[in-house]
Amino acid sequence: MEVSSHLLLGSAFDGRHVGKMRLAQELIAHVPSLSLTLFNRGYYSVGLLHQWQQAGESTHWMLPARKDLQFTVAQQLNENDALITLTPSPQARKRFESLPDTIEARLTTYYVKGKAYRVPSSLTDPLRFPYDSLTEVYAERWEIELGFREMKQSLLHANYTLRSKKPDMVRQELWGLLLAYNLVRIAMLDATKELDITPIRLSFSHCARHVMAFLTTIPIRSANKLPLHYQELLGTLKLFVLPDKRPERQYPRAVRRKPKKYPYKRKCQSVVN
């Protein structure tokens, strides 16, 4: 997912017997050049990251470090920034035949409310990628979580169970969901081309309703007027600009209490004369 527009660049899914690392390898073909991919911590694999970096021109990666990350410091750039060397395991060399003996990476450490966070990446040039810019980049990975929420709540109406029961129909339903999501996002992207804002500044729920109404009510008899109707739709989508985000607003993760099926029993009170 491209974080500034929430457009889906590629997708891979399969049965539960197929691991996510194998599915991630299928997405290598969709990696655009001159890009930085923000991974989750669970996708740490020296072989996968090396293949990702070799997929095109300047296809970089970044992800949070695991607690048991093994590395060797090659050059200390400053107190919280260093060039490191990652050594693949024998299992990784066996699985990835073209994997070199060592991989050069960069380990950046930053602090939030006194807590240290370590982020390795392939951005090893400190002149092109200063330390201050790297400490703010990984926070944008949260945009993909917002995209997932838009699919589940706005398009699926919070129904997390798919209607289909057969594998082929499940795949068809998932592809239909992803295509519908991208159709809405493309319209939002077209609507903001003349505005000085990014597409994610528009309300997805409002835009999705109007795009669906456009597709279901537009007359198709006069095809030559479709561009005119589409421009009217874009003019409507421009009205759904969200307020500016408040950087100080935070929602720490917490577990919501589950409602009880039965009411609580009140304590019996007795009066003794």
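The values are calculated or read from the model by the stated rules, or taken from the named source; none is laboratory data. From a predicted model like this one, the values you see are computed outputs, not experimental measurements. Quick reminder, even Gly has a Cβ in these numbers, built from the backbone with ideal geometry, and neighbours come from all protein chains shown. Remember, those area values only see protein heavy atoms, side chains included, never the ligands or the DNA or RNA. Shrake-Rupley method; radii C 1.70, N 1.55, O 1.52, S 1.80 Å.
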Whenever you get a sec, compute what percent of the accessible area on region 1-127 sits on carbon and sulfur atoms (1.4 Å probe).
49
What is the sum of charges, Lys and Arg at +1 and Asp and Glu at -1, for the other residues whose Cβ falls under 13 Å from the Cβ of GLU173?
+3
Between ARG41, ARG128, ARG246, find the one with the highest GNM mean-square fluctuation for the chain; connect C-alpha pairs within less than 10 Å.
ARG246
Give the long-range amide H neighbours of ALA74: residues separated by 5 or more places, or on another chain, with amide H under 5 Å away, using H modelled in the peptide plane at 1.01 Å from N.
LEU83, ILE84, THR85
Ordered by residue, what ³J(HN,Hα) values in Hz, to whole numbers, does region 29-36 give under the Karplus form 6.51 cos²θ - 1.76 cosθ + 1.60, where θ = phi - 60° and Gly and Pro are x?
5, 9, 6, x, 5, 6, 9, 10
Would you list LYS67, LYS261 from the most to the least accessible area, probe 1.4 Å?
LYS67, LYS261
Vicinal HN-Hα couplings computed from phi for region 151-168 (Karplus, 6.51 cos²θ - 1.76 cosθ + 1.60; Hz; Gly/Pro x):
5, 6, 8, 7, 8, 9, 6, 6, 8, 7, 9, 6, 6, 6, 10, 8, x, 5
Got a sec? Which residues in region 15-39 would a label at ALA92 touch, if it sits 7 Å along Cα→Cβ and we count backbone N under 16 Å?
21-22, 25, 39
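When the Kirkwood hydrodynamic radius is evaluated over all pairs of different C-alpha atoms of region 42-125, what value in angstrom, to one decimal, is obtained?
13.5
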Which whole number of Å³ per residue matches the convex hull of the alpha-carbon atoms in the chain?
286
With each pseudo-label sitting 7 Å past Cα toward Cβ, what's the GLN153-LYS67 distance in nm, one decimal?
3.1
Taking θ as phi - 60°, what are the ³J(HN,Hα) couplings along region 211-223 by the Karplus curve (6.51, -1.76, 1.60), each to the nearest whole Hz, with x for Gly and Pro?
5, 5, 5, 5, 6, 8, 10, 5, x, 9, 5, 9, 5
Could you please report the charge total around SER164, scoring K, R as +1 and D, E as -1 over all other residues with beta-carbon less than 14 angstrom from its beta-carbon?
+2
Given points 7 Å out from each Cα along the Cα-Cβ axis, report the GLU194 to THR161 separation in nanometres with one decimal.
4.7
Let me know the charge dipole size of the chain about its Cα centre in debye, to the nearest 20, where only the beta-carbon of Lys, Arg (+1) and Asp, Glu (-1) is charged.
2320
Too long at a 32 Å Cα-Cα cut-off: which of LYS152/LYS260; LYS94/LYS152; LYS193/LYS245; LYS67/LYS261; LYS67/LYS94; LYS20/LYS166?
LYS94/LYS152; LYS67/LYS261
In whole Å, what is the distance between the alpha-carbon centres of region 54-122 and region 189-235?
43
List ASP14, ASP168, ordered by accessible area with a 1.4 Å probe, largest first:
ASP168, ASP14
